Amino acid sequence: MRYILPGHTTRAHSRYRAFVAHPTPAPDAARRAADDIELTVALAEYTKIIEIRRAVSDQAHNRYNFFLVLATGVAAVSAGLLGSAIDQNVRVGAVAALGTLVLLMGPAVFLRQLRYTGASQRYGIAEQALRTYLVRRAPEVAPFVLLPTLDDDGLFPPPADSRRQRQRDAVGLASTIGLINSALYAMGGGLLGAAARLPGWAVVALALALFAAAAAAHLWWVSRTVRRNVVERERLLAQRTLDLPAAIPTARQPAKEPPVSR
């Protein structure tokens, strides 16, 4: 066994101390990968946008389920009250109060649902922009990215005509809430017509007219909101010039050099 006296060092120990004091510089590629701040920020932002978009979707579905349960419960309670032996004034007052509650909440939930839809679309375009940045950094993986980017439509292009756009709008959560509101308006109008002792055909005609008018108004409002959101997204992309398929360099430019203009 070899002993090292105090105050003395071996040659190997000296080399180790020199290596620790002056480490070997990392290769340029490895250093760029370790110091790629742009990629780190982009991935963090992409993850955050996905989380926020998921939270908005959950809130929208929870609000829709709450309104559906409330409307169904009010309809069931109202039917039970109308068929009970309670005093007529009490029945009419209770049904009127429950119906007023739902009719007031319906438009509020509908407008709130449109806000959720707009927020989800804005987060979607932000996610699409960051995905475009990542794909432009690594063009070799572009064929494997099936979600849409700003450079191509991917597998989910927007509708080619207004008819398909209206069909897509008609099956959304906001349009479904609008149809429920329309049915509630029609039921309320029919009850008022029956209370006014109108003929049966007049009550049916009144209910159908109210349903058609309310449904058309809700669908028009949904289409208007969708068009406005599209215009806002296009304006934002034009301001950021993100609709131009300009290539993004894989390496960062030195801080003292001016940015490359394209």
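Extension gain for W201 to S223 (0.36 nm times residue separation, less C-alpha to C-alpha distance): 4.6 nm. Distances over 17 Å make up what percent of all Cα-Cα pairs in the range 157-241? Considering the range 157-241, 59 percent of its Cα-Cα pairs are separated by more than 17 Å. Karplus-derived 3J(HN,Hα) values for the range 218-228, using 6.51 cos²θ - 1.76 cosθ + 1.60 with θ = phi - 60°, are 5, 5, 5, 5, 4, 4, 5, 5, 5, 4, 5 Hz; glycine and proline are entered as x. Available extension along the chain between Q239 and A96 is 46.3 nm, counting 0.36 nm per residue and deducting the alpha carbon span. Efficiency by 1/(1 + (r/R0)^6): what FRET value for N65 and A213, r their Cβ-Cβ distance, R0 = 45 Å, to the nearest 0.05? That pair, N65 with A213, gives E of 0.95. Computed packing ranks the peptides 55-64, 135-144, 176-185 as 176-185, 55-64, 135-144, most packed first, by mean other Cβ atoms within 10 Å. Only protein atoms count toward the accessible area here, which uses a 1.4 Å probe; on the range 64-153, the carbon and sulfur part of that area reaches 68 percent.
One chain, two ends: R164 and A75. Fully extended at 0.36 nm per residue, the span grows by 28.7 nm beyond their Cα-Cα distance. Remark: the range 37-116 carries 61 Å² of accessible area per residue (probe radius 1.4 Å; ligands, DNA and RNA excluded).
The values are calculated or read from the model by the stated rules, or taken from the named source; none is laboratory data. Owing to the predicted nature of the structure, the values given are computational and were not obtained by experimental measurement. With ideal geometry, Cβ positions are generated from the backbone for all residues, glycine too; neighbour counts draw on all protein chains shown. All accessible areas refer to the heavy atoms of the entire protein, side chains included, with ligands and DNA or RNA removed. Shrake-Rupley method; radii C 1.70, N 1.55, O 1.52, S 1.80 Å.
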